1. Please find, within region B:191-229, the residue that is surrounded by the fewest Cβ atoms within 10 Å (Cβ to Cβ) out of those that are free of Cβ contacts under 8 Å to residues at least 60 places away in the same chain and within 10 Å of chain C (Cβ to nearest Cβ).
2. Take the residues in region B:576-592 that are under 17 Å from residue C:169 (Cβ atoms) and more than 7 Å from chain C (Cβ to nearest Cβ), then tell me which one is modelled with the lowest pLDDT.
3. Just give me the residues in region C:442-471 being more than 11 Å from chain B (Cβ to nearest Cβ) and either closer than 17 Å to residue C:359 by Cβ or of a type in the set (Gly, Ala, Ser) (or both), in sequence order.
4. Just name the residue that is farthest from the other protein chains (Cβ to nearest Cβ) out of those in region A:86-95 that are in a loop (DSSP other than H, G, I, E, B) and within 20 Å of residue A:38 (Cα to Cα).
5. For region C:130-228, list the helices (runs of 4 or more DSSP H) that sit wholly inside it and hold at least 3 residues that are more than 15 Å from residue C:244 (Cβ to Cβ) and within 14 Å of another protein chain (Cβ to nearest Cβ); which are they?
6. Would you point out the residue of region C:347-362, among those that are within 29 Å of the chain's Cα centre (by Cα) and either in a helix (DSSP H, G or I) or without any contact (Cβ under 8 Å) to a residue 24 or more places away in the chain (or both), that is nearest to the other protein chains (Cβ to nearest Cβ)?
7. Evaluate the following for residue A:98: is it within 14 Å of chain B (Cβ to nearest Cβ) and touching a Ser or Thr at 6+ places or on another chain (Cβ under 7 Å)?
8. So in region C:315-345, with the set limited to residues that are hydroxyl-bearing (Ser, Thr, Tyr) and surrounded by fewer than 24 Cβ atoms within 10 Å (Cβ to Cβ), which one is nearest to the other protein chains (Cβ to nearest Cβ)?
Amino acid sequence: MNGPATTWYLALAAFLFGIGALGVLVRRNPLIVLLSLELMLNGGNLALIAFSRHFANGSGQIFGLAVMAVAAAEVCVGLGLVVAINRRNLALDVDRLSELRG
Amino acid sequence: MTYGSWICLLSPFVAAVLIMFGGTNLSRRVAAWIATTGVFVAFGGAIWAFLGVHAQPGQVGEYTRAWTWLQSGSFSVNLELLVDPLSTVMMLIVAGVGGLIVLYSIGYMDGDPEERRYFAYIAFFVFSMLMLVEGGNLLMLLVGWGLVGLSSYLLIGFWHEKPSAIQAAKKAFVMNAFGDATMALALFILIFHTQSLSFGALSAPLSGSTANWIALGLLGGAAAKSAQIPLHTWLPDAMEGPTPVSALIHAATMVTAGVYLIARTHAIFEQARTIELIAAGIGALTLLVAGFIALVQTDIKRVIAYSTMSQIGYMFLAVGVGGYANGMFHLMTHAFFKALLFMTAGLAIHALAGEQDIRNMRGLGKVMPFTKWCFLAGALALVGIPPFSGFFSKDPIIASTLNIGWYGYVFYACGLIGAFLTGLYTFRLWFLVFPGEPSPFVREHYHDHHGREGAWTMLVPVGVLAVLATVGGWIQWAPHWEPFTKWLEPVAPTLAAAVPTSTQETVTSILTVLVGAAGIALAWAIYAEKRVEIPAMPAAQRLLENKFYFDELYDRIFYAPAAAIANSLRTEIEEPVILQGGTDLGQTALDAGGAVRRIQTGVLRTYVFFLAAGAAVLVLAFLIAK
Amino acid sequence: MSTAHLTTILIWLPIAGAILVALLPLSKYATGSIAVLVSLIEVGFWIEQASNFHFSRPGLQMSEQAKWFGDLGITYHVGVYGFSVWLIGLTVVGMAACLGYGFWVGRDRPRAYFALMLLLTGATVGVFASQDLVLFYAFFEAMLIPLYVLIGVWGGARRMEATVKFVIYTMAGSLLMLAAVIAYGIHAGTFDLVTGPVSSSRWLFLGFMVAFAIKSPLIPFHGWLPDAYREAPPEIAAVLSGVIAKAGLYGMLLIAIPLFPDPTSFYRTAILGLAAATLVYGSLLAFRAPDFRGVVLYSSLAQSGLIVLGLFSGSTLGRDGAVLQMVAHGLVSIALFLVAGVVERRTTTGEFRLLGGMARGRPMLATLLMAIGVISLAVPGSANFAGEFLILAGVFQRAWWWAAIGAGAIVLAAMYMLRLISAVLHEARGSTVGDEAMDLRAGELALVAPLVAGLLLLSAWPAAISSHSFVGPWPKQPPPGAPK
């Protein structure tokens, strides 16, 4: 098999996922949070594709495509929300958007 | 003849429905005449049925079935009528006397703001009563039985703004519901053993205790409906209703239904001879107790009401010893003379603007001679003075007790004492109300109706009944001339033990008339001539005025405990345990929700943190498990 | 049109109607009219069903079956027996009257209100027509959801408390039933009620029974009932006691008794005892209740005990009487609650010490209340009398004392019902009864009078139900290990 071992891909995927997760946790700007989410999704995607190649099974790639579609949809909704929040002159700060408090 | 029975049953029903739906579109007069016509048409139907039975001597009866009323599995009960000698006699009495009384009501109720409702009710009552007597099986009988109770409730409480009337109506209904319940239990036993509720099922051989229980249940119903001890306390209170109602329901027809019931179901009572004798004993006891209480009552209707109880006691005595025809015959003559007494009392009450206290009525005969003579006819019939009707019907009852054993002599003595009391209380009433100069009260309050003592609709029925009370007994003079007994022979043959010898009959007749006359004489001495003082016995007086404390007793042992139990169930169990328990449960759930709610901060960061932490824990758990 | 579809139509027509009125942005008047119209069409379809039903033929009729969750063996299986037809009739007629009442008094938020009422109708019919346990459970739950909202939104002052209790009690029952449904299905390999084998598991039986005993209800499971019946709007209280409570009793008849013959006879005495206790307890409390609805709600409790006596009597008489009594009491209690609503609207109260004397000058109110009252106290000759008579005659065959207790309770029924009648209608005029408190208006008469007419018809011919509910023995006793 050509190229680096699957482990490397997985390590990269975990790294991407970790950066993304950290970003989601620590950043307050919703745009950056969305960006970080994309990183997490792509980390997951990378792992899927890596496994797909490792096991020579196409299902993982199909999953990867599905995740991309989901990611695109999510960005649409998320950006829409960000625009809507902005238009209402609310602070772009996820900690202050706590209307759903129980 | 079966058409006759259906016409008889349905015409009062149709009248009641017409009046109800007519509502205010009908004038009061029209409503009254619809009811009257309906009941007289029923009388026509009764005559048709009677002639039909008469034309076929020896036949025991004919059933007609309309449809299957109730069915379940192999058990079924038809809506069916029975035309036989017993039911035709009752139909004639109910529709005949009923028609006269409804006619009388036209005058009596004139001007009442809810006259239409009255006539709808009374037509409905006649329908129910006919259902009772024509019903071709025990369930149809029970249906009529319950419906007469309902219409009695409606009519006693007719003046519904009077709390006493409503109380009396409720009391009557509840006591009768108790009777209905015991009857229903008797029917359950019968269904259990025979899978049937036909009258024929009563002749099926049953074990002794089964027959006893069935008979006891039926007796409970009969005693409640006929106001016999211990279920009698509703009847005097029922006098709160309009007087024609008292005449029709609480004298002539409904209250005598118990007697009809025992005659109709005599097959089971003969299997349960003990219970039948208990019925006789109840009758004997009631006739004495009611006779005593009647001595001290001051309300004219209540005196007659106690007299009714007492006379029904005689009928129970008669059917209890096995003389069904005697009981039915007394039922018939009693319907005539007691309806008459109530209606003459009604004339007096009507003319005196609603006054019912006999102490205010002295000398009424001067201004109301027709009422006076009619009342006298009724009173003599009640006491049993020949040739009035009561003489022919009461004496055979007393005589029939002589051959049944030692208790027969006790019954005999009770019957004679009762006859004495009847003379005394009836003529106490007579001497207090009619003879002499009119009292100031009578002078002040008496008002006539266009120069007469009442409207013609009131006077005509009174006159007819006065004639019937006089001559109505002539159709039978035991033991010489007994067509009535013969007529009932196919359905309710008199037991051999209840047939006295002709010596016994003659001696009893003489004795009964003598003690009755003695009662009259004593009443005359006390109340007219004032020669004899009423012996001062305050204790006895109080006991009688309080009607032997039955009401208080029942209040103490039934109503009060039931109310107390219900109240304590409410305050001890329902409210603190069930309702509060539910509330606490709900509160706990809400509190738990409130506690958990705090986790929901609304800050995205916390959610993500928990998510990540949860995932981490899961991963760790997997690793460790491996 | 094939009559086989009638059952399905009866279930889904009102639900379609519910979606329609919820979506169409129409005025209050138009929304209400459409809803009432749908409920009347529903009644029409029921008449079509009843007249096409072969009452002399045994077994399920007008049934349809379709795969739902194929791999679990759950199917959409609906169909009716004779007794189901009568209960569906009670549902559609009662719901039409109650919907009409809501229209008449002009409930606010009409689109939500009428949609929920129609949804409730469809779900209840579904309960009475389901022949698959999971489907039955689904409809049973679907029936409760609209009720939560209807009580919680349109109820009286303490409606939240009442709703919370109602939710907790019914949820607890439903979860027990769900567990029992799943366990039965896994054990039997099928959820079908027609072909399902009998089970002898006492735990499963108790799971079903507790759920049904909460819904019916029996003591001591009735904690939700007083508050719910008092706080709900009158037409919802009418639906609860007239129709929904019958679903619990129907569940006993359709599921608990036939599927669990051994546990039924094992627990028979205990259940009869509980039923008799409910009967006496309810009657006594009704006798001392201080208000109109109090009397009616405790009498409903008592009646539920009576019907359970009949169901568990194990006799034909008791079983037929119980079905007759379900329908007759359903009509009576709907009518009584609607009249309670009518009285409350005129006087702002149902408390007896503030009422009285309404008979004078209000002949229609007086006549109808009197008629309903005396039918409800089972005056001989009424449909309720016929039902009670059969039930008690049936349970008498088990042991005499059950019948004696029942007969005693009937005397109590006379006491509390007459107390209700005279407290509202008779004696001195109550302080809240003004001259402006009118007699029944035409609309109210049109709602209550048909119910009374139905009761009178049933009184004339109670055999219409008592001998047209079952053909042959019930429970039907499928052979052990019936085909899957």
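The values are calculated or read from the model by the stated rules, or taken from the named source; none is laboratory data. A quick note: this is a predicted structure, and the numbers were derived from the prediction, not measured. Cβ placement follows ideal geometry from the backbone for every residue including glycine, while neighbour counts extend to all protein chains displayed.
1. Top of the filtered list is B:192.
2. Within region B:576-592, the match that is modelled with the lowest pLDDT is B:577.
3. C:442, C:443, C:444, C:445, C:446, C:448, C:449, C:452, C:453, C:454
4. That would be A:92.
5. C:159-188
6. Restricting to residues being within 29 Å of the chain's Cα centre (by Cα) and either in a helix (DSSP H, G or I) or without any contact (Cβ under 8 Å) to a residue 24 or more places away in the chain (or both), the top hit is C:352.
7. Yes: the conditions hold for residue A:98.
8. C:316
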